[in-house]
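Below is one structure, written out as structure tokens; the observations come after it.
The values are calculated or read from the model by the stated rules, or taken from the named source; none is laboratory data. Since this is a predicted model, take the numbers as computed values, not measurements. Glycine gets a Cβ as well: all are built from the backbone with ideal geometry, and neighbour counts include every protein chain shown. With ligands, DNA and RNA removed, areas are computed over all heavy atoms of the protein, side chains included. Shrake-Rupley method; radii C 1.70, N 1.55, O 1.52, S 1.80 Å.
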Amino acid sequence: MILNHLMGLYTHPKQEWQAIERNHEAVKSSLSHILLIALIPAVCSYIATAYIGWHPANGDPLFLTPQSAMFMSVGMYFGLIAGVLALAYLSYWMAKTFDASPTFTQALELAAYTATPLFMVGVSALYPVLWFIMLVGLAGLAYSVYLLYAGVPIIMNIPEEKGFIYASSVVTAGLVLLVGLMGSSIILWSLGLGPMMQ
């Protein structure tokens, strides 16, 4: 059951959201999807920072020590999982404002499958040039937002006109979570837990 909707979300998203709505999976299955997909950016960023080297500008590549790269990748992995779970909870909590009563499983499915394109663009870290990663990241973000707007009326059973406002609220909450995650990273770095260069 893990990853069984992945291709459908890219080839025919609305029909795939309807299939997800018809056959709700257990919470365990959605969690397994999140745990597996979140490995992509974590593993790729570890390989890139420790062995390929980052190219933030013209010049020599920058490398992290393997221990520092591992520490950052593990932190990224758990941060991404926590972000998706927080987004699922916010989606579940906000639905009541829009006269919907989804289960937490529905909210978790929405968050997990919406976050999938963002996690999959983590493969771009294997070509660690800043402009390339930014372009691929923006494409992944745009497709995630599209999936959210397409999936909200179907998964959360909210009328289309309310679904747009609800999805916009979820996007705003997601951006706040992203800024919070980035802020946490900066705080940890200032406490001496930042990367160690080779």
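In the stretch 171-185, of all residues being of a type outside the set (A, V, I, L, M, F, W, C) and more than 16 Å from LEU108 (Cα to Cα), the one that is most open to solvent (accessible area, probe 1.4 Å) corresponds to THR172. Within the stretch 57-77, the set of residues being among the polar types (S, T, N, Q) and either open to solvent by 70 Å² or more (accessible area, probe 1.4 Å) or over 15 Å from LEU188 (Cα atoms) (or both) comprises ASN58, THR65, GLN67.
Against the list (1) out of contact with any Cys (no Cβ under 8 Å at 6 or more places or on another chain); (2) open to solvent by 70 Å² or more (accessible area, probe 1.4 Å); (3) under 21 Å from PHE63 (Cα atoms); (4) touching a residue at least 12 places away in the same chain (Cβ under 8 Å), the condition ASP99 fails is (3). Looking at the stretch 11-48 only, could you name the residues that are open to solvent by less than 40 Å² (accessible area, probe 1.4 Å), modelled with pLDDT under 90 and not hydrophobic (A, V, I, L, M, F, W, C)? Of everything in the stretch 11-48, those that are open to solvent by less than 40 Å² (accessible area, probe 1.4 Å), modelled with pLDDT under 90 and not hydrophobic (A, V, I, L, M, F, W, C) turn out to be PRO13, GLU16, GLU25, SER29, SER30, SER32, HIS33. Listed by first and then second residue, the pairs with beta-carbon distance under 6 Å, at least 6 apart or on different chains, first residue in the stretch 143-170 and farther than 14 Å from ALA111 by Cβ, second of a type in the set (Lys, Arg) and open to solvent by 50 Å² or more (accessible area, probe 1.4 Å), are ALA150/LYS14. The single condition among (1) touching a Phe, Trp or Tyr at 6+ places or on another chain (Cβ under 6 Å); (2) exposed (fewer than 13 other Cβ atoms within 10 Å of the Cβ); (3) among the aromatic types (Phe, Trp, Tyr) that TRP131 does not satisfy is (1).
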